[in-house]
Protein chains: 2
Amino acid sequence: MGSTSRDQRDIKQRKMKPLYVIKIGGNIIDDEEKLSSFLRSVASIDSYKIVVHGGGKLATKLADSLGIQQQMIDGRRITDAETLKIVTMVYAGYVNKNIVAQLQALSCNAIGLTGADNNLIEAHKRKHPSIDYGFVGDIDTVDEKGISHFLDLGLTPIIAPITHDKKGQLLNTNADTIAQEIAKTMSKDFEVQLIYSFEKSGVLLDAEDDQTVIPTLNRHYYSELKADKKIFAGMIPKIDNAFAALDSGVKKVIIGKAENLDKIIAGESGTAIIHE
Amino acid sequence: MGSTSRDQRDIKQRKMKPLYVIKIGGNIIDDEEKLSSFLRSVASIDSYKIVVHGGGKLATKLADSLGIQQQMIDGRRITDAETLKIVTMVYAGYVNKNIVAQLQALSCNAIGLTGADNNLIEAHKRKHPSIDYGFVGDIDTVDEKGISHFLDLGLTPIIAPITHDKKGQLLNTNADTIAQEIAKTMSKDFEVQLIYSFEKSGVLLDAEDDQTVIPTLNRHYYSELKADKKIFAGMIPKIDNAFAALDSGVKKVIIGKAENLDKIIAGESGTAIIHE
């Protein structure tokens, strides 16, 4: 009975402040100063928060030092057994635990996790008719309850882009996709805002000019910009994913510069992707 | 109010079955078959459990491959910045997450953690009048509440031998000591049994003969054996630590072979260190 009333209280509280799911890109991870400024902003968010990180160039550097060749097929990196070992070491070990230690120093109670921990993210090895991507995972399920428990305890989960297949196999998984799937799943009980932070100030009208940020982008405007070829190739899957997230219950998706996280949270920076 | 009754219920339940704190040595980590047999035994324990692991020879191998010299002073390994990076990658990344993934495949809900995660183990950089050990941590506090929450949720914490100083610095920390400090701290609310599993069947009367296991060892008998020089050097700190753990409230300390974990739990294998 105690349990039920506590659970009900927890669920009620979950709707009272937003849950920020924040993806940070590799270029921030590689830059000590930018990373520490970004983490100060994360620590100062007085709300639920989850950080999903990539790995930056460290994994590639380590592979180079060890003489491990990166296999590419059709411009896509293949995760063979040696590469999986490296990304597990770098993403789940070095990068993840250093972020956690830095946040702890800022009195933000972080906990570093992969999809294998607490079975948070179950995935399967990617199936493709012609390409064997190796140990790359496509996500099946995100455990909403498991993540909620951590948030209820006041913890900030720091998620490394490694999942598992529940059969003992770790899998390399795209960090953008992890952030999106977590945001979608957590929308059941939380008011989720999904933030993609990267090196540019938002979606730009002129890709070369960081001053041309589009403050809000709805589907109609997006179609226009695509028709005018004003949105460059790499941005299209990010924005498509953003609209898909909105369709799945995420309240707001914002794309912006990692160094501006404070302003993004305040609604003063970045591009907000909205329904209408 | 719900919270209080739930907490009280949790605390009551904690005393109803033992908490096993199990240290596994490096030689098991290095042997795929032994490790997987050990993990099957861990998964089958129907009680609270925590695993603390070392790193085996993987860290040394990786350092060798990268041409990083292991610094030794007076026979002790020094953890310089590069070595810390390697042990963080290998222990907290590769070893920890592979153990977690394997346990998940056995339906044991494992969560891999370092002392930085959830601020579970706070330490300080070792102070020594003449030797600078580098980034080696001596433990100050273990967060009993944080670990209890995970156990109450039905999770099995898998602890890598990395701690932090709460100022942003990760620290390399002896896994035996971590197991002992966790066992001592958790004794406040749990009936703790501390198991040191390694390559021998227990404390041996004849170090060369694995059939000469001493089933129980109390202080008196231990003094006799030491006087007779029947206990070899490496074993002495382990046994001294075991008695210190008993003095701090741990119910039982057992030293035994990792492959015999089932039998150790059943009281049919290993050396039990007891008060009287």
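Of note:
- In chain A, the calculated helix contribution to ellipticity at 222 nm averages -10500 deg cm²/dmol per residue, counting -39,500 (n - 2.57) for every DSSP H run with n ≥ 4.
- Of all DSSP beta bridges confined to the protein assembly as shown, the antiparallel ones make up roughly 35%.
- A:LEU205 label point (Cα plus 7 Å toward Cβ) to equivalent points in the other copies: 9.0 nm, shortest first.
- For residues of B:57-68, the mean tally of beta carbons on other chains within 10 Å: 1
- Cα gyration tensor shape for the stretch B:19-273, rounded if a/c is under 1.5, else prolate or oblate: rounded
- Using the Cβ-Cβ distance between A:LEU106 and A:ASP132 with R0 = 41 Å, the FRET efficiency computed as 1/(1 + (r/R0)^6) comes to roughly 0.45.
- Qualifying trypsin sites (Lys or Arg not before Pro) for the stretch A:116-179 [loop in DSSP, other Cβ within 10 Å: at most 15]: A:LYS127, A:LYS167
- In terms of its alpha-carbon gyration tensor, the stretch A:198-276 comes out oblate; a/c meets the 1.5 threshold, while b/c is at least as large as a/b.
- Length-normalised contact order of chain B in % [C-alpha pairs under 8 Å, at least 6 apart]: 21
- Summarising the amide proton neighbourhood of A:LEU170: residues at separation of 5 or more, or on other chains, whose placed amide H is nearer than 5 Å comprise an empty set.
- Sorted on the mean count of surrounding Cβ atoms within 10 Å across their residues, most packed first, peptides B:241-253, B:223-235, A:87-99, B:184-196 read A:87-99, B:184-196, B:241-253, B:223-235.
- Between the stretch A:217-276 and the stretch B:171-236, the Cα center-to-center distance that results, in Å: 59
- Which listed pairs, of B:LYS97/B:LYS230; A:LYS23/B:LYS15; A:LYS97/B:LYS188; A:LYS127/A:LYS238, have C-alpha distances above 31 Å, in listed order: B:LYS97/B:LYS230; A:LYS23/B:LYS15
- By the rule of a C-alpha distance below 15 Å, with chain neighbours fewer than 8 residues away ignored, the aspartates and glutamates paired with B:LYS34 are B:GLU199, B:GLU259, B:ASP262.
- Axis-nearest residue of B (beta carbon) for the B-onto-A rotation, whole Å: B:GLY93, 1
- Annotation: amide H of A:PHE198 within the under-5 Å range of A:GLY256, A:LYS257, A:ALA258, sequence separation 5 or more or interchain, hydrogens built in the peptide plane.
- Per-residue shielding of A:160-167, expressed as the average number of other chain Cβ atoms within 10 Å of the residue Cβ, stands at 3.
- Antiparallel DSSP beta bridges within chain A, percent to nearest 5: 35
- Membrane-span-like helices of chain A, defined as complete DSSP H segments with a Cα extent of 30 Å or more along the helix axis and a mean Kyte hydropathy of at least 0.5, are absent.
- Formal net charge of residues neighbouring B:ALA160 (Cβ-Cβ distance under 11 Å; K, R +1; D, E -1): +1
- Cα gyration tensor category, rounded, prolate or oblate, for the stretch B:1-86 with a/c compared to 1.5: prolate
Each reported figure results from applying straightforward, stated rules to the coordinates on display, with no laboratory input. Keep in mind the model is a prediction, meaning the values are calculated, not measured. Virtual Cβ from ideal backbone geometry, glycine too; neighbours counted across all protein chains shown.
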